[in-house]
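Notes for the one structure printed next.
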Amino acid sequence: MKRIPIVLLVAVFCSLLAWNSSQELFKPPPGFPPVVYSFETNPLTEAKVQLGRALFYDPLLSRDSTISCESCHSPYSAFAHTDHARSHGIENRIGLRNAPALFNLAWQPEFMWDGAINHLDVQALAPIAQHDEMDNTLDAVLLRLRRSRLYPELFRTAWGDTAITGQRFLKAIAAFMTTLVSAEARYDKMRRGELAFTPQEENGYRLFRQHCNACHREPLFTNYAFANNGLPPDTLVPDAGRYRVTRVSADSLQFKVPSLRNVEYSYPYMHDGRFRTLTEVIRHYTGGLQAGPRLSAELRKPITLSPEEKVDLQAFLLTLSDSAFVFNRAHAFPRELFFGGK
Amino acid sequence: MIPGLRSVVLVLIAGLSCVRLQAQSIRITVRAGDKELLSDSTEVNTRVNGHITIRSVRFYLSDVRLVRSGAVVWRDSQPAHLIDLRDPAHAVLSFPEGLSYDSLYFRFGTDSLLNVSGALGGDLDPAHGMYWAWNSGYIHCKIEGATERSNAPHHAIEYHLGGYLPPHASSREVRLPAGNELVLDLAEFLEAIKPAEQPAVNTPGLEAVRLCEVLARSFRMLP
């Protein structure tokens, strides 16, 4: 009889510990909405996040061990693939779409440009299996991890024993990805009253709220919806967007509304990386878009901006750059883990 | 309680349960008509599709329940069982002792909740290859083989059936009387596939729904 309360106490203590460390590893910024990620099924621990970080940067995930997640999601470009229109895979293969920037993923309900992935836990499966990316199987990855010198111990620290399962592998990567929180941009500091925008930024912010905020909604700068933003389809690289997932014709040519945070770092833009500069993007929305029956309702009314207003809008978009996030050592390549020392 | 009365009650209970005592486990086998499919290739003759070689059969049974007079008397704590022709030792459903029931309920495939719950473990671990990487969701059933009618390389046929989103949700509830051996009979399925026009189904959709419905009604219970 006496043992039951002790067991209970220990369990309560352990869950409190886990809850505590979860809170330290993941701090929702003030003003953000509630998260959608199910932390209760994957409580964060330092060891789990570090395991996920190691896996994120490890090329052994790809079939020929040449590319890692980081190859297309570099921390220095807010985990996007700067300068590359479409994702690059092993053996010089080129994927279908632009590698998106990664941050604030615990708020994101669906992943990929077409929303094909329904949970952050299972996101990593897609690039691992994709022929034009890592072209591997989860089974083969797990076999390599079991044979490695590094991972059995990392799995033991993170999970309590050395068993390397698909579930543990995926949850560790997801745990790391939830810690990629970006909310220290100039915009955030302005919102918190720590600084004031310049008149130009202020005017850009006003224009943004007038013309862009319906879809790129604050504070995450996306409404996570799928929309047709009037891009003329690329006939050489046919891509039906969300239709591929839902098979509903109304979803044809719809793509996810991406967050505009860190947009300065994450060029080129759009699902296929067709625009190299923000100037080109603004030009698209102020006159380049192709009207059609499925054009997003928010874009039906033409947006007209003077040349000065376009510059002001860009000045505002640059306030979304979070350099503290981009250079955060906690998210960077785990050199000490892979090569030892400092 | 008086010791004498207690043993009388116990004997009575034992006697009653003897009458309705049921198997504590059910073996799961795969057949095509009267032919049992084994882990190696099995040749099957069909009426519509000619000669078919079956190489691999894997499927999920989930949310297993035992029912007596319409009431659930036991619900499986394991959310799903992956049944694989190559792993007959694992193709067993086990229940606690002393249960009496008249029916077995289960879902062929996995329901939508399991499909949106992130990375799961055990038989549902995505490492088993029964999870789609490109479009989240479990594959309810994989049936692979070959037939001359297929124009795919090596005359292969490959039916990877899944889908949890309406209108293409394809897992189905199955109810059967109590018994000792649960049989998935592929006879109707092998007549229903169209190996010449569609040697492979790898996406959720109408064809996956149609074939899953055929499979869900192809279970029977042997005494």
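The values are calculated or read from the model by the stated rules, or taken from the named source; none is laboratory data. Just so it is clear, the structure is predicted and the values come from calculations on it, not from any experiment. A quick note on method: Cβ atoms are made from the backbone with ideal geometry, for glycine too, and the neighbour counts reach across all protein chains shown. Please note that ligands, DNA and RNA were not included when accessible areas were found on the heavy atoms of the full protein model with its side chains. Shrake-Rupley method; radii C 1.70, N 1.55, O 1.52, S 1.80 Å.
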Can we say A:Ala158 is more than 30 Å from A:Thr222 (Cα to Cα) and open to solvent by less than 40 Å² (accessible area, probe 1.4 Å)? yes
From the set of residues in the range A:278-298 that are touching a strand residue (DSSP E or B) at 6+ places or on another chain (Cβ under 8 Å) and not in a loop (DSSP other than H, G, I, E, B), which is surrounded by the fewest Cβ atoms within 10 Å (Cβ to Cβ)? A:Glu280
Looking at A:Thr246, A:Thr222, which is the one that is free of Cβ contacts under 8 Å to residues at least 24 places away in the same chain, closer than 30 Å to B:Trp134 by Cα and either within 23 Å of the chain's Cα centre (by Cα) or surrounded by fewer than 19 Cβ atoms within 10 Å (Cβ to Cβ) (or both)? A:Thr246
Please tell me if A:Phe226 is of a type in the set (Phe, Trp, Tyr) and over 14 Å from A:Leu260 (Cα atoms). yes
Yes or no: A:Leu142 surrounded by fewer than 23 Cβ atoms within 10 Å (Cβ to Cβ), on the phi < 0 side of the Ramachandran plot, touching a Phe, Trp or Tyr at 6+ places or on another chain (Cβ under 7 Å) and within 14 Å of chain B (Cβ to nearest Cβ)? yes
Anything in the range B:81-125 that is farther than 25 Å from B:Ala208 by Cβ and either within 14 Å of chain A (Cβ to nearest Cβ) or of a type in the set (D, E, K, R) (or both)? List them, or say none. B:Glu97, B:Asp102, B:Gly121
If I filter the range A:177-195 for residues that are at pLDDT 95 or above, buried (at least 18 other Cβ atoms within 10 Å of the Cβ) and within 14 Å of chain B (Cβ to nearest Cβ), do I get at least one hit? yes
Kindly provide the set of residues from the range A:122-133 that are assigned to a helix (DSSP H, G or I) and either in contact with a Lys or Arg (Cβ under 6 Å, 6 or more places away or on another chain) or more than 8 Å from chain B (Cβ to nearest Cβ) (or both), ordered by number. A:Pro127
Of the residues in the range B:66-94, how many are outside any strand (DSSP E or B) and within 26 Å of A:Gln167 (Cα to Cα)? 11
Report whether or not A:Arg149 is without any contact (Cβ under 8 Å) to a residue 24 or more places away in the chain, in a loop (DSSP other than H, G, I, E, B) and open to solvent by 20 Å² or more (accessible area, probe 1.4 Å). yes
Checking A:Phe275 against (1) open to solvent by less than 60 Å² (accessible area, probe 1.4 Å); (2) in contact with a Pro (Cβ under 9 Å, 6 or more places away or on another chain); (3) without any contact (Cβ under 8 Å) to a residue 24 or more places away in the chain; (4) under 26 Å from B:Leu165 (Cα atoms), only one condition comes out false. Which one? (4)
Condition first: in contact (Cβ under 8 Å) with a residue 60 or more places away in the chain, assigned to a strand (DSSP E or B) and among the charged types (D, E, K, R). Now tell me which residues in the range B:147-182 satisfy that. B:Arg172, B:Glu173, B:Arg175, B:Glu181
Considering only the range A:26-35, I want to know if a residue exists there that is open to solvent by 20 Å² or more (accessible area, probe 1.4 Å), of a type in the set (D, E, K, R) and touching a residue at least 40 places away in the same chain (Cβ under 8 Å). yes
Being open to solvent by less than 10 Å² (accessible area, probe 1.4 Å) and touching a helix residue (DSSP H, G or I) at 6+ places or on another chain (Cβ under 7 Å) is the filter here; which residues of the range A:69-81 pass it? A:Pro75, A:Ala78
Taking the range B:126-145, which residues are open to solvent by less than 10 Å² (accessible area, probe 1.4 Å) and either in a loop (DSSP other than H, G, I, E, B) or away from chain A (no Cβ under 14 Å) (or both)? B:Met130, B:Ser136, B:Gly137, B:His140, B:Cys141, B:Ile143, B:Gly145
